[in-house]
Amino acid sequence: MGLWHARALVGGALIVAMAGAQAQAFPDFTGIVEKNAPAVVHVEAKTTGAAKKARGGPGGQQDDQEELLRRFFGMPGAPMQPRASTSLGSGFIISPDGYVLTNDHVVDDADEVKIRLQDRRTFTAKVVGKDPQYDIALLKIDGSALPAVTIGDSRAVKRGQWALAIGSPFGLDATVTHGIISAVGRNLGSGDQPYTSFIQTDVPINRGNSGGPLFNLQGQVIGVNSQIYSTSGGYQGLSFSIPIDVAMNVVQQIKEKGFVSRGMLGVTVQPVDQFVKNLDLADANGALVAQVTPGSGADKAGLKQGDVILAFNGTPITQSADLPPLVGITRPGSVAKVDILRDHKKQTVEVKVGELPRDKNALAAAAGGDDDAGGGSAAALGMAVQDIDAQARTELGLKAGEGVVVSRITGGGAASAGLQAGDVILMVNQKRVGSAAAFRDAVKGIKQGDTAMLLVRREDSTRFVGVTVPSDR
């Protein structure tokens, strides 16, 4: 019994000592809050003429809410009939003369925007400009000598660092929450802000925090709180902030020209993962070029389908989603150095960056010809292909001797890979094919269990598809 008590006392002393050490290391946020809270504002956006369009967040109902990346402001549910509505969010003053930064989705479609400071002063704000792609809006209120935040450097942010948020969750002004940086350069994919590499944190963020600042321990703003991932609509440990470097780039462009330009390389890319073996790569890092836009900077620089982009202006590309944010923030007209892998050899190509169009162009698709089911390895892939006649080739924008069309899916690997009749196959294992006969030659030697790397065009999209020959044929 005595021995048990002794061990308990020793263990208790250790716990107290450890707790004391942790307490000393835990940061004191009071200075950051006292200095910066006055510059954090409450945003109230009123829509008086029509219902606010739902934009994939808590401002609107979605069919499958468990898989949504939810923005977190405003009132749930889009009204069925036009009526007045009010959305609540946060923002922060970036200069003493009254410029305020918030999210685009906070003020989207608003007829009137009100800003309330911590000292209860209320201003009517003018929307100077906004950019939905980056989800940033710049507002202006009439004032002078207003409290303003200090802008930090989001490029210096590292995982594990402390972070602090101030905002108005559920309309509760000047609410402070803290956590750590969970990840940097987090890309959420093409469906949601593809040109933004987010700062991910576990800072508790909820509806109404949208547009508020994320601070580092030096009291500098490093991000604009924008999104959460949630199955319930509330905070569940995954919060995403737009890097302040990106936000301030938007601010500068809006001030200078009233809109935001984004760089364009002129390529469509996809993950390398499935084709590591085909490309004889050591790992799955990089972005696989599936399509090159004719006349673009990439086209003029000689980039080709099948190239693997390894780095952009010295920044390594770990996954294909890393590339769009880097290119998007690059000034149009500048020259970028692109490191690529082609035919197992690394090389650097200089590409003049174009400007991303603000409107998308649709491409037409058509095909025809005599059916040729192929045979042997071609049949093993589970498809029949045919030549493309001259008229269809013109409508598709294809060159002479370029591509074959899938006439039928017979099962097997093609069906599993999602190929469809009407798809155009441009390459097989990085070898271009322009006829059914060339396709049969290209697939010779493919055995059970092998994966063929096909470059496939469907409507206006071109990407590599892996088609595996079933082993149980």
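Coordinate-derived values only; no laboratory data. What you see is a predicted model; the values in this text were computed from it and never measured. Virtual Cβ from ideal backbone geometry, glycine too; neighbours counted across all protein chains shown.
Evaluated at q = 0.22, 0.25, 0.27 Å⁻¹, a Debye calculation over the C-alpha positions of segment 118-158 (equal weights, vacuum) places log10 I(q)/I(0) at -0.98, -1.03, -1.05. The Cα trace of segment 168-215 gives Rg and Dmax of 12.2, 34 Å, the first to one decimal, the second as a whole number.
Look at Phe464, Phe275, Phe123, Phe215 and count the other Cβ atoms within 10 Å of each Cβ; fewest to most, that gives Phe123, Phe275, Phe464, Phe215.
If neighbour count is taken as other Cβ atoms inside 10 Å, put His105, His344 in order from fewest to most.
Starting with the residue having the fewest Cβ neighbours, the order is His344, His105.
Counting only Cα atoms, segment 105-219 measures 38, 31, 26 Å along its principal axes, largest extent leading. Just so you know, the averaged projected area of the alpha carbon convex hull for segment 371-468 sits at 5.3 nm². Divide, for segment 263-355, the radius of gyration over alpha carbons by 2.2 N^0.38 Å, where N is the residue count. With N residues counted in segment 263-355, Rg over 2.2 N^0.38 Å equals 0.97.
Highest mean packing comes first when the peptides 250-257, 160-167 are listed by Cβ atoms within 10 Å, giving 160-167, 250-257. Each of Ile93, Ile151, Ile32 was scored by other Cβ atoms within 10 Å of its Cβ. Listed from fewest to most, they are Ile151, Ile32, Ile93.
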